[in-house]
Amino acid sequence: MIYLDHAATTPVAKEALQAAWPWLTEEFGNPSSTHELGHRAGMALEAARDAVAAWLGCRGSEIIFTSGGTEGINLAIEGLALANPRGRHIVSSPTEHEAVLQSIEYLVRHHKFEVTWLSVDLQGCISLAELKTALRLDTTLVTLMMANNEVGTVHPISRLAALAHEVGAAFHTDAVQAAAWLDCNVAQLGVDALTVSGHKLGAPKGSGATYIRGRLAVEPLLHGGGQENGRRSGTENVAWAVALATAVEVLTKQKAEVARIEAARDRFIGQVQDLVPTAILTGHPSNRLPSIASFCVPGLSGEALLLELERREVIVSSGSACAAGSDEPSHVLTAMGFDAELAQTAIRFSFSHHTTEAELETAACALADAVAAVGGTDKIA
Ligand code: PLP
C-alpha cells in the first residue's frame, strides 16, 4: 500500500510512542499530586512544554497543551476574542479549516461578533491590500492559516501579522498543516497565537499545543481545576505531551528531507501533468507546502478516482478528509472560484518525510490508470 494521505493524519513516530509509554504505565502519576510519582509526572510535563516552546521559539509558559488542532483553534479564537475588550470584529478567510470557520460562526451567533471574510484568488492567496482595508479600530482578532490543508497554498504570515498589529489587533495562525514542514518560530512570524496538532506531525491523535503570547488574556473553554495556568482545566495528558515533544525532536532531525520532498513533489506534479494532461494543479504553483499536490480532473468524480486509486493500493483523499463522504463540493475550492462541478473532481496527494520518489512515480501511473478507468464509467453527469 502507498499511503499518500498524510495531511489527513500521519503515523505516530516510534520514538514518540516509546517516550510516551512510561507515562502511561509505571509513571502514571497526576502532575498535580504532591507525592513523588506526581512530581515526576509534573517534571516530565514541564520538560515537554519547554521542548515544544524551544521548537516554536517562545517560553514554556506561553504553551498550552490541548487535545489537538480543533481545540487549540477554538481556544485561540474564542479565548482571545472574548477576553479582549477592543471590539467585536474579526477578520479571516473562507478557505480556513472548519475549526476556524465554526469558531467564528459561534462568536457571531452567540456573542454578536462581526466578521469580514477576505476573498482569495484562484490560487488560494489573499491580498495584503484587502486585509489592510478590512482592518478596523475595533478589530479584535485576525486569524489566517499558515498553509491550506486542501491545496497547500502558503500565506505570508509575518506580513499579514504586521498589518494586523498596525491597528492593534491580535493575530492567530492555524499552523496545523504547516508545522511539519515550515519554520514556525513565533517571534519571526510575529504572531500572537499559533496552533499545532500532534497527529499531523508524528504524535498521537488527541495531542496538540497552542502558543499564546505572554500575558495576552485568554478566556478558557474548559473550566475546572485551573491546570495550564488556568487556561485549560483538566488533568494534563502527560504521555501525549511527551509524545508531542518527541515527535517535534524527530521532525527537527528530518529537516534535510524537506528539500527532497519539495523536489519529489515537483517531479510528481510534472509526471501527473504528462500522464493526465487534463489534470489541473490546485493552489499556488510555488508558494505551497512541500507535502501537498492536489488536482482537479475535469469531468471525473474525485470520489470515484479515490476508489480506483485505492483498488491500485494508492491511498489518497478527495478534497479534504472532513469533506470526504459528503456530497458538498470543497468550500476551499469554491471560495477560490472553482465551480461546484469542478470542485467535486478534486483529489489530494499528501506526503510524509519518508515518502519516496518511487512511490510517487507509481502513484502518478496509478492516477493515469484510474482516470482511464473512471473516464469510461463514472463521469460527472
Ligand atoms: N486545521 C487544519 C488546517 C487542519 O488540516 C486540521 C485537520 O485536518 C485541523 C485544523 C484540525 O486538527 P485536529 O484534527 O487535530 O482537530
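The values are calculated or read from the model by the stated rules, or taken from the named source; none is laboratory data. Note that the structure is a prediction, hence the values are computed from the model and not measured. Virtual Cβ from ideal backbone geometry, glycine too; neighbours counted across all protein chains shown. Heads up: the accessible areas ignore ligands, DNA and RNA and are worked out on the full protein's heavy atoms, side chains in. Shrake-Rupley method; radii C 1.70, N 1.55, O 1.52, S 1.80 Å.
Points worth noting:
- Checking each residue in segment 73-105 for being within 11 Å of the ligand (Cβ to nearest atom) and charged (D, E, K, R) picks out Glu96, Glu98.
- Residues in segment 235-245 that are β-branched (Val, Ile, Thr) and more than 15 Å from Ile63 (Cβ to Cβ): Thr235 alone.
- Among residues that are surrounded by fewer than 17 Cβ atoms within 10 Å (Cβ to Cβ) and either at pLDDT 95 or above or assigned to a strand (DSSP E or B) (or both), Gly224 is included.
- Looking across segment 253-273, just one residue is touching a residue at least 40 places away in the same chain (Cβ under 8 Å) and open to solvent by 70 Å² or more (accessible area, probe 1.4 Å), and that is Arg267.
- For segment 219-277, filtering for residues that are under 30 Å from Ala370 (Cα atoms) and out of contact with any Pro (no Cβ under 6 Å at 6 or more places or on another chain) leaves 17.
- Residue check, Gly68 assigned by TED's automatic domain parsing to the domain that holds Gln188, in contact (Cβ under 8 Å) with a residue 60 or more places away in the chain, over 15 Å from the mean Cα position of the chain (by Cα) and at positive phi: no
- From the options Ala161, Ala209, residue that is open to solvent by less than 10 Å² (accessible area, probe 1.4 Å), closer than 30 Å to Ala293 by Cβ and more than 16 Å from the ligand (Cβ to nearest atom): Ala161
- Just one residue in the set Ala279, Ala264, Ala247 is in the same structural domain as Arg49 (by TED's automatic domain parsing) and among the small types (Gly, Ala, Ser); that residue is Ala247.
- Residues of segment 265-285 classified as in a helix (DSSP H, G or I) and of a type outside the set (Asp, Glu), total: 9
- Segment 14-42 residues that are farther than 17 Å from Pro204 by Cβ and of a type in the set (A, V, I, L, M), paired with ones that are part of a helix (DSSP H, G or I) and open to solvent by less than 80 Å² (accessible area, probe 1.4 Å) (beta carbon under 8 Å, 6 or more apart): Ala41/Trp23; Ala41/Val238
- Pairing each residue of segment 187-207 that is free of Cβ contacts under 8 Å to residues at least 60 places away in the same chain and under 16 Å from Arg159 (Cβ atoms) with any residue that is among the hydroxyl-bearing types (Ser, Thr, Tyr) and surrounded by fewer than 24 Cβ atoms within 10 Å (Cβ to Cβ), provided the two are 6+ apart or on different chains, yields C-beta distances under 9 Å for Leu189/Ser158; Gly190/Ser158; Val191/Ser158.
- Note on segment 80-98: among residues that are of a type outside the set (Asp, Glu) and open to solvent by less than 10 Å² (accessible area, probe 1.4 Å), the one that is farthest from the chain's Cα centre (by Cα) is His89.
- For segment 274-286, the candidate set comprises residues that are under 30 Å from Glu96 (Cβ atoms) and over 21 Å from the mean Cα position of the chain (by Cα); within that set, the residue that is most open to solvent (accessible area, probe 1.4 Å) is Thr278.
- Checking each residue in segment 3-21 for being over 19 Å from Leu289 (Cα atoms) and β-branched (Val, Ile, Thr) picks out only Val12.
- Selection status of Ser233, among the polar types (S, T, N, Q) and at pLDDT 95 or above: yes
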